[in-house]
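The values are calculated or read from the model by the stated rules, or taken from the named source; none is laboratory data. Being a predicted model, the structure only gives us computed values, none of them experimental. Glycine gets a Cβ as well: all are built from the backbone with ideal geometry, and neighbour counts include every protein chain shown. With ligands, DNA and RNA removed, areas are computed over all heavy atoms of the protein, side chains included. Shrake-Rupley method; radii C 1.70, N 1.55, O 1.52, S 1.80 Å.
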Amino acid sequence: MRLKIVTYINQFILCLMVSVHVSQAQVDTGVVVKKEIDNNGDTLYSNMLDEFMLKSMDTEEARKKYLKLIYNTKKVMPYAKLAAFRIQMLEDNLNQINGRKERNKYLKATEKQIKREFMEDLKKLSKSQGKLLLKLIHRETGKTTFSILKGYRGGATTIFWSAMAKFYDTSLKVKFDPIEDYQINYIIEKYKLE
């Protein structure tokens, strides 16, 4: 009998602690807690957790690789977003220009300006950051760097830069695959890089 009373007291204290914790969670963090009463009259509290990635970091090397991916994504994502914005702006402006000669003049002036603004920063990127940038440009624009370059500069220039990319063990045709690159997507969402 005494054990049964102690058990009821412990359950009461536990329920009290849960209800205090739940009410604090509602006030402090804005977490929506669902309160349900089952067939026995017991009250059950539940809430939805934010999406998270469950992946074991078996080795120190895997953990370091993931931390490096976080660092690289944070560093390169602003350039990818800026590239997408500039490409959209370039498209809009080119649609308003009549005549091939004026379009080419505008393209050359834009290229010079972009080189002047960003070339020094882009030269400082590591090889892995450059590869990641190519993927993120595809993610942001829906176009590979190869197709973007071919559309604005033509085939010969595109082949030259494609050969340079091969020299650095990558391809201008690389695409962002949300399934294969799920960690990158997760990092972008987690750190609100969009």
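Numerical summary
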item	result
Lone unmet requirement of (1) open to solvent by 70 Å² or more (accessible area, probe 1.4 Å); (2) among the small types (Gly, Ala, Ser); (3) in contact with a helix residue (DSSP H, G or I) (Cβ under 9 Å, 6 or more places away or on another chain) for Ala156	(3)
Filter result (in contact with a Leu (Cβ under 7 Å, 6 or more places away or on another chain) and farther than 13 Å from Thr144 by Cα) within region 166-183	Gln183
Residue among Tyr66, Tyr71, Tyr106 that alone is under 14 Å from the mean Cα position of the chain (by Cα), free of Cβ contacts under 8 Å to residues at least 24 places away in the same chain and either surrounded by 11 or more Cβ atoms within 10 Å (Cβ to Cβ) or over 30 Å from Gln183 (Cβ atoms) (or both)	Tyr71
Flag if Gly130 is under 21 Å from the mean Cα position of the chain (by Cα) and small (Gly, Ala, Ser)	yes
Filter pass, Asp181 being over 21 Å from Gln88 (Cβ atoms) and under 11 Å from the mean Cα position of the chain (by Cα)	yes
Filter result (surrounded by 11 or more Cβ atoms within 10 Å (Cβ to Cβ) and either small (Gly, Ala, Ser) or not in a helix (DSSP H, G or I) (or both)) within region 54-63	Lys55, Met57, Ala62
Matching residues in region 178-189 - criterion: being surrounded by fewer than 16 Cβ atoms within 10 Å (Cβ to Cβ) and either hydrophobic (A, V, I, L, M, F, W, C) or within 29 Å of Ala156 (Cβ to Cβ) (or both)	Ile179
Residue in region 87-99 that is closer than 25 Å to Leu69 by Cβ and in a loop (DSSP other than H, G, I, E, B) present	no
Matching residues in region 32-53 - criterion: being open to solvent by 100 Å² or more (accessible area, probe 1.4 Å), at pLDDT 75 or above and of a type outside the set (A, V, I, L, M, F, W, C)	Lys34, Lys35, Asn39, Asn40
Tally of residues being surrounded by 12 or more Cβ atoms within 10 Å (Cβ to Cβ), farther than 23 Å from Asp169 by Cα and of a type in the set (A, V, I, L, M, F, W, C) across region 109-145	1
